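Engineer: Starting off with a structure, shown below.
The values are calculated or read from the model by the stated rules, or taken from the named source; none is laboratory data. What you see is a predicted model, and the numbers here were worked out from it, not measured in a lab. All Cβ positions, glycine included, derive from the backbone under ideal geometry; neighbour counts span all protein chains shown. Keep in mind that these areas ignore ligands, DNA and RNA; they rest on the heavy atoms of the full protein, side chains included. Shrake-Rupley method; radii C 1.70, N 1.55, O 1.52, S 1.80 Å.
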Amino acid sequence: MINAVYRLVAPGMIDIACTEPDIKNSVICRPLYLSICKADQRYYLGNRSREALKSKLPMALIHECVAKVVFDPTGNFKPGELVVPVPNTPMQEDDIIAENYRPTSRFCSSGYDGFLRDYIDMPPERLVRVPEGLDLKIASFSELISVAVHAVSRFERFSHARKNAIGIWGDGNLGFITALILKAVYPDAKLYIFGTVYEKLAYFAFADGAFHVDHIPEGIKVDHAFECVGGEASRFAIAQIIDLINPEGAISLMGVSESFIGINTRMVLEKGLCLFGSSRSGVADFKRTMELLEKNPKIPAYLENLIGAVVEIRSIADIHSAFAQDISRHFGKTVLKWEK
């Protein structure tokens, strides 16, 4: 069996490589819908260091996908079943360190081929079933949802019991998804959103308050906070969080920055704050994600707001077109309907 893999060989350049998938030990799946992530864009545009690009390219992009099972020699899945492939593959066992934090783990579209392929071959334990009736366009970015779920799971571990008010800094996709998960897990907590674009803040109608960071009402305080900003702006977000958070609160850092970010450690110490980072996710997070989406129909209903352009992919030119459309998108996800 020959498989076509669409690899980024240099920024803005995609070529086809032919590989042989593992049909003896892996489940063979056909991608249906894929979703572009900011990390994909950084590679596509060449917005990574020269060393990073040299070490990771060529590789197929995309780590957000929903697929249909074609063949399973292991007997775990039936042909036609809908699954989400988990892009993280642990290479060693560890009773303490989660699979997504082990240095030896391999992550699709980060040094290893992502899901821009005609067929995906994955071990059965790296596939999670999709709940019946879930919109497949939403399922296509369930990896991003699982990242938020993972952060909330870590929050449950590191935060204290008082959760009267939780703040989220960031009015983009990650902030929107994290807010939805927190609202489902902590329905009695006040949920406040802090952002910079009024049009984006309007999407957070389910929250108890959505404020522009320059116009926060006097007296607003939070017990805990999630930073979903990233980039240079995360410095200002973290500073504002430290100002508005109550003593001994937990701060979840989720935004990615390519440069060092200064933090007011004096106030971190004075308030006794807990700062913790979260990155990527694992099988357990994907399973919890599917359970949350199935049990809380309001979450998928709100997630429909994130579905931006849906681009049918029949050629490499279509892939380029999808990335070009995604570049100009400031909110929502560009979804690829894989028709190859």
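Engineer: Just add up the charged neighbours of Pro247: K/R +1, D/E -1, any other residue whose Cβ is under 9 Å from the Cβ of Pro247.
Structural biologist: Values: positive: Lys271; negative: Glu248, Glu270.
Around Pro247, the charge tally is -1.
Engineer: Lysines within cross-link reach of Lys56: Cα-Cα under 20 Å, excluding same-chain residues under 8 positions apart?
Structural biologist: Cα-Cα hits under 20 Å: Lys38.
Engineer: For the chain, what proportion of DSSP beta bridges, expressed in % and rounded to the nearest 5, is antiparallel?
Structural biologist: 55
Engineer: Here is a further query. Using the Cα centre of the chain as the reference point, and only Cβ charges (+1 on K/R, -1 on D/E), how large is the resulting charge dipole? Debye, rounded to the nearest 20. It would help to have the intermediate numbers written out before the result.
Structural biologist: Values: 38 positive and 41 negative charges, 35 e Å.
With only Lys, Arg, Asp and Glu charged at Cβ, the dipole is about 160 debye.
Engineer: Another question, if that's okay. How many Å² of accessible area per residue for the chain, probe 1.4 Å?
Structural biologist: Details: 15630 Å² over 340 residues.
I get 46 Å² per residue for this part.
Engineer: For the chain, take the longest principal axis of its alpha carbons; what is the angle in degrees between that and the long axis of helix 316-327, to the nearest 10 within 0 to 90?
Structural biologist: 0
Engineer: Here is a follow-up. Please state, as a whole number in µm²/s, the translational diffusion coefficient that the Stokes-Einstein equation yields for the chain at 10 °C and 1.306 mPa s, with Rh defined as the Kirkwood radius across alpha carbon pairs. Could you put the intermediate results ahead of the total?
Structural biologist: Working: Rh = 20.8 Å.
My calculation gives 76 µm²/s for D.
Engineer: How would you order 120-131, 160-171, 68-79 from highest to lowest mean count of nearby Cβ atoms within 10 Å?
Structural biologist: Details: 120-131: 19.1, 160-171: 20.7, 68-79: 14.4.
Highest mean packing first, the order is 160-171, 120-131, 68-79.
Engineer: About its Cα centre, how strong a charge dipole does the range 229-340 have in debye, to the nearest 20, once Lys and Arg get +1 and Asp and Glu get -1 at the Cβ?
Structural biologist: Details: 13 positive and 13 negative charges, 35 e Å.
I would put it at about 160 debye.
Engineer: Extending each Cα 7 Å along its Cβ direction at Leu269 and Ile2, get the distance between those two points in nm, one decimal.
Structural biologist: 6.5
Engineer: Too long at a 30 Å Cα-Cα cut-off: which of Lys78/Lys183; Lys190/Lys287; Lys24/Lys295; Lys78/Lys200? Intermediate values should be presented prior to the final figure.
Structural biologist: Details: Lys78/Lys183 35 Å; Lys190/Lys287 27 Å; Lys24/Lys295 36 Å; Lys78/Lys200 41 Å.
Correct reply: Lys78/Lys183; Lys24/Lys295; Lys78/Lys200.
Engineer: So for the range 1-89, what percent of the C-alpha to C-alpha distances run longer than 21 Å? Intermediate results must be reported in sequence, preceding the final value.
Structural biologist: Numbers: 1563 of 3916 pairs.
That tail contains 40 percent of the Cα-Cα pairs.
Engineer: Could you work out the pair-distance distribution P(r) of the range 137-268 from its alpha-carbon pairs, with 5 angstrom bin width and percents rounded to whole numbers?
Structural biologist: The distribution over the range 137-268 is 2, 10, 22, 24, 23, 12, 4, 1, 0, 0, given as percents.
Engineer: Taking the Cα centre of each part, how many Å lie between the range 252-326 and the range 114-189?
Structural biologist: Here the two parts' Cα centres lie 7 Å apart.
Engineer: Per the 1.4 Å probe, what fraction of the accessible area of the chain, in percent, lies on carbon and sulfur atoms?
Structural biologist: Accessible surface attributable to carbon and sulfur in the chain totals 50 percent.
Engineer: Same structure again: Give the residue from Thr334, Val256, Pro187 lying farthest towards the positive end of the charge dipole for the range 186-340; charges sit on Cβ (+1 for Lys and Arg, -1 for Asp and Glu) and the dipole is referred to the Cα centre.
Structural biologist: Thr334
Engineer: Helix-only estimate, please: 222 nm mean residue ellipticity of the chain, summing -39500 (n - 2.57) across DSSP H runs of length 4 or more and dividing by its residues, to the nearest 500.
Structural biologist: Working: 11 runs with 102 residues, N = 340.
One gets -8500 deg cm²/dmol as the mean residue ellipticity at 222 nm.
Engineer: A further question follows. Loop-only check: which GluC sites (Glu not before Pro) in the range 211-274 are DSSP coil with at most 14 other Cβ within 10 angstrom? Working shown, then result.
Structural biologist: On the way: sites: Glu218, Glu227, Glu232, Glu248, Glu258, Glu270; in loops: Glu218, Glu232, Glu248, Glu258.
In loop regions of the range 211-274 (DSSP not H, G, I, E or B), the sparsely surrounded GluC sites (Glu not before Pro) are Glu218, Glu232, Glu248, Glu258.
Engineer: Expressed as a whole percent, how much of the Cα-Cα distance distribution for the range 236-294 exceeds 13 Å? Spell out each step's value before the answer.
Structural biologist: Numbers: 1183 of 1711 pairs.
Roughly 69 percent, once rounded to a whole number.
Engineer: Per the Kirkwood formula on distinct C-alpha pairs, the Rh of the range 233-340 is how many angstrom? All intermediate terms of the calculation are to be shown ahead of the outcome.
Structural biologist: Details: mean 1/r = 0.0566 Å⁻¹.
Its Kirkwood hydrodynamic radius stands at 17.7 Å.
Engineer: If you build the convex hull over the alpha carbons only and average its shadow over all orientations, what do you get for the range 57-111? Give it in nm² to one decimal. Show your work: numbers first, answer last.
Structural biologist: On the way: hull surface 20.5 nm².
Reported value for the Cα convex hull: 5.1 nm².
Engineer: What fraction, in whole percent, of alpha-carbon pairs in the range 161-211 exceed 17 Å separation?
Structural biologist: Numbers: 289 of 1275 pairs.
Summing the P(r) of the range 161-211 above 17 Å gives 23 percent of all pairs.
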